[in-house]
Each structure stands twice: as structure tokens, then as C-alpha cells.
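Q: Okay, here's the structure, questions in a sec.
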Amino acid sequence: MTRVKGRRTGRRAPAHGRPPIARPPTKKARVEIVEVALRDGLQNEAAIVSLEDRVKIAEQLIIAGVKRLELGAFVRADRVPQMAGTKELVKRVYQDLGLSSSKQSAVCPSALVPNLRGFEEAMQTPIGEIAVFTAASESFAKANINCSIEESFERFIPVIKAAKQKGLRVRGYLSTCFGCPYEGEVDEKKVVELASRLLRMGCFEISIGDTIGVATPKQVISLFRRLKRKIPIRRLAGHFHDTRGTALANIFAAHGLGVRVFDSSLGGLGGCPYAPSASGNVSTEDVVYMFHGMGVETGIDLRKLVELSRLLGGMVGKLLQSRTGQAGLPKVSRLNS
Ligand code: MG
């Protein structure tokens with residue numbers, strides 16, 4: 001290691017003494033966006049969007065370049081009416097676009113499966129990926145999924161086992177990783193322990209959620225550093241909410257640590273159930289806008305995304321809280337693709 005002007009650079013200084021010139025990256029910088037509007041977004045909205053409209057949004061998202069997206073949840077329609085018809089929706093999208101259920105498929109739709117009953121319903125569709133859900137705080141798990149964290153893991157075991165036998169990918173959601181609406185602080189060690197457990201159980205990826213939008217970049221860096229010591233970074237995703245306006249800063253911080261998968265919602269759909277007038281999920285348009293401006297590819301057509309965000313706003317009957325969606329695209333060509 002060579003010191004240049006007292007700073008550790010990690011690189012050998014060139015003979016002529018000038019600072020080394022950064023080499024252009026050999027591979028295009030890229031992140032994966034997991035679009036969650038049709039599940040996480042809609043289930044937190046009062047409006048019921050018709051099956052036809054949800055099929056339209058899903059298909060247009062995929063046509064716009066979205067490769068990973070939640071289509072819905074295999075839950076009881078009497079309990080979560082926003083998710084009614086998920087089975088038909090999945091079948092329609094796969095059929096209309098000629099998608100494959102294979103793990104190697106370029107487009108990987110997903111759906112939430114809370115239990116074996118939901119899994120059996122999922123198996124009547126060509127879905128290639130499912131997601132399971134738990135929390136890092138006991139009170140939140142009790143309030144949200146009506147069981148303890150331990151009981152939620154007991155429910156996963158047969159679901160994950162069955163999914164593996166059928167060759168499905170399983171994603172794990174861990175919510176309240178940065179704070180709980182009931183307990184306040186959440187212990188980082190507990191988040192690492194639960195995320196590691198989800199990975200050991202067979203989840204290919206763990207989405208680390210800031211469910212109530214309290215995280216700030218310092219906390220994001222601290223937690224992901226800890227997670228990285230136990231879990232390969234490629235297995236981790238960031239799920240940030242913009243409740244207090246810190247989501248993009250948190251995504252930027254996590255990206256700096258090597259996180260390359262981020263969850264976001266078209267139009268920022270999905271309010272925060274613990275702060276009724278505030279926003280929830282970070283908007284996909286804002287995340288894509290930021291990354292494209294940084295020279296990081298998402299593979300998503302931002303112009304189409306903005307059009308779709310407005311269409312979705314009409315379907316739920318409100319102006320969605322996406323900055324880019326509301327402001328439109330600037331007249332700077334490199335930011336418009
Ligand atoms: Mg969310």
C-alpha cells in the first residue's frame with residue numbers, strides 16, 4: 001500500500017507522482033429492481049384495482065424492461081381483497097407474454113405465499129418464484145401476521161421445502177429491520193441472525209426492509225456492514241420506504257456497500273400503515289432516475305415507467321407520490337432513457 005499526500009489509496013502511485021487515473025469499469029454497472037407495486041403497494045391502498053387493470057400494469061411493466069416484479073399474494077380474498085384473483089393474474093401474464101417458469105428465465109415474476117394453503121394455490125399457476133415474510137420485531141410480527149417470529153419460521157419450513165421440490169426460487173422478506181412502530185429500536189444482531197436463518201432455510205435472497213421508513217444512511221451502512229460479514233452481499237436486497245424522505249439516500253448508501261438489488265414501487269404506491277398521511281415504498285421512477293443519472297443500468301425504460309405511474313394513479317384514484325412521476329423527465333437526454 002502506498003501513501004499519497006498522507007491518504008491510503010490502496011494503489012501504487014505512478015512514477016511521475018500524479019494521482020492514478022480511475023480506470024473505466026470493465027463491466028457496465030447494473031442494479032436489479034424488484035417492482036412491488038402490485039403486491040406490497042396495492043395491499044396498503046384502500047382502493048381495489050380490477051384484475052384487468054392489474055394485468056395491464058404487470059404486462060406493461062415487463063414490456064418497459066422490469067425483469068423482477070411481485071404480481072400479488074396467495075392469501076384469502078376475504079382478508080385482503082386487494083389481492084383477489086392473484087391466481088388468474090399470474091396465469092394471464094405468463095400466457096399473454098409467453099413467459100417461462102424456469103429459474104433461468106429473463107423475467108421472474110413473484111408472489112407472496114404465507115402458508116401451505118397459499119402454496120397449493122400458487123402451484124396451480126406457472127409462477128417461478130415465491131416470497132415468504134417475517135419481521136425482526138416480535139410486536140410487529142404479532143400485529144402484522146398474527147404469530148410470533150418463531151411461529152412464522154415454522155410456517156415457512158413446509159412451504160420452502162415444497163417450493164424447493166418443485167424447483168421454485170424462494171425470496172425472504174424481513175421487515176422492521178431498522179425500527180419497529182411498537183418497540184422502537186431493533187437489535188442489529190437479531191436482524192443478522194434472522195436473515196442468516198432465512199438464507200440457511202433455502203431463501204436465495206433476503207430483502208432487508210425499512211417498513212416504517214425510519215432508517216438513515218448511517219444506520220444503513222452499519223447494518224449492511226454487519227450483514228455482509230455473515231451473508232454474501234449478492235444475497236441481500238434493500239427495501240426502503242420514503243416515509244421521512246430518506247429512501248434514496250439509504251439506497252445510495254447500501255449501493256456503496258455493494259448491494260445490487262432494490263425493491264421499489266411504481267409511483268411509490270403503498271402508503272405507510274403506521275403513518276396514514278405519509279408515503280411508504282420508495283418510487284421505482286425515482287430509483288431508476290437516480291441510478292441512470294449515476295451511469296448505473298436498470299434495463300428499464302424510464303419514460304414508459306412515468307407513463308405507467310400516471311396510469312396506475314388513475315386506477316387507484318389519486319396522485320401518486322413519485323417525484324419523477326409528478327415532475328416529469330428533464331430535457332437532458334442521458335437522464336431520459
Ligand atoms: Mg414496502
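Q: Is there a residue being closer than 23 Å to residue 233 by Cα and within 16 Å of the ligand (Cβ to nearest atom) anywhere in segment 143-157?
A: No, segment 143-157 contains no residue that is closer than 23 Å to residue 233 by Cα and within 16 Å of the ligand (Cβ to nearest atom).
Q: Looking for whichever is in contact with a Lys or Arg (Cβ under 6 Å, 6 or more places away or on another chain), within 16 Å of the ligand (Cβ to nearest atom) and under 17 Å from residue 140 (Cα atoms) here; the options are 213, 179, 172, 209. Which one fits?
A: Residue meeting the stated conditions: 213.
Q: Determine, yes or no, whether residue 208 is surrounded by fewer than 24 Cβ atoms within 10 Å (Cβ to Cβ), in contact (Cβ under 8 Å) with a residue 12 or more places away in the chain and in contact with a Leu (Cβ under 9 Å, 6 or more places away or on another chain).
A: In short, no.
Q: Here's a follow-up. If you check every pair at least six apart or on different chains, which have Cβ atoms under 6 Å apart with a residue in segment 308-326 that is within 16 Å of residue 38 (Cβ to Cβ) first and a residue that is assigned to a loop (DSSP other than H, G, I, E, B) and among the polar types (S, T, N, Q) second?
A: From residues that are within 16 Å of residue 38 (Cβ to Cβ), the pairs are 309/322.
Q: How about segment 133-145: which of its residues are within 20 Å of residue 111 (Cβ to Cβ) and either at pLDDT 90 or above or outside any helix (DSSP H, G or I) (or both)?
A: 133, 134, 135 - these are the residues of segment 133-145 that are within 20 Å of residue 111 (Cβ to Cβ) and either at pLDDT 90 or above or outside any helix (DSSP H, G or I) (or both).
Q: Can you name the residue in segment 58-78 that is in a helix (DSSP H, G or I) and in contact (Cβ under 8 Å) with a residue 40 or more places away in the chain and, of all such residues, is farthest from residue 42 (Cα to Cα)?
A: Going residue by residue through segment 58-78, those that are in a helix (DSSP H, G or I) are 58-63.
If we keep only those that are in contact (Cβ under 8 Å) with a residue 40 or more places away in the chain as well, we get 58, 60-63.
Values: 58: 13, 60: 17, 61: 15, 62: 18, 63: 20 Å.
My answer is 63.
Q: Within segment 33-52, how many residues turn out to be of a type in the set (D, E, K, R) and in contact with a Leu (Cβ under 7 Å, 6 or more places away or on another chain)?
A: 3
Q: Right, residue 137: within 16 Å of the ligand (Cβ to nearest atom) and within 20 Å of the chain's Cα centre (by Cα) or not?
A: Spelling it out, residue 137 is indeed within 16 Å of the ligand (Cβ to nearest atom) and within 20 Å of the chain's Cα centre (by Cα).
Q: What do you reckon, is residue 42 within 16 Å of the ligand (Cβ to nearest atom) and either over 15 Å from the mean Cα position of the chain (by Cα) or not in a helix (DSSP H, G or I) (or both)?
A: no
Q: Residues that are at pLDDT 95 or above and farther than 30 Å from residue 150 by Cβ: find the helices (runs of 4 or more DSSP H) completely inside segment 190-301 holding 3 or more of those.
A: Where helices (runs of 4 or more DSSP H) fall fully within segment 190-301 and carry at least 3 residues being at pLDDT 95 or above and farther than 30 Å from residue 150 by Cβ, they are 247-256, 284-293.
The values are calculated or read from the model by the stated rules, or taken from the named source; none is laboratory data. It should be emphasised that the depicted structure is a prediction, and the values quoted were computed from it without experimental measurement. As a convention, Cβ positions derive from the backbone with ideal geometry for all residues, glycine included, and neighbour counts pool all protein chains shown.
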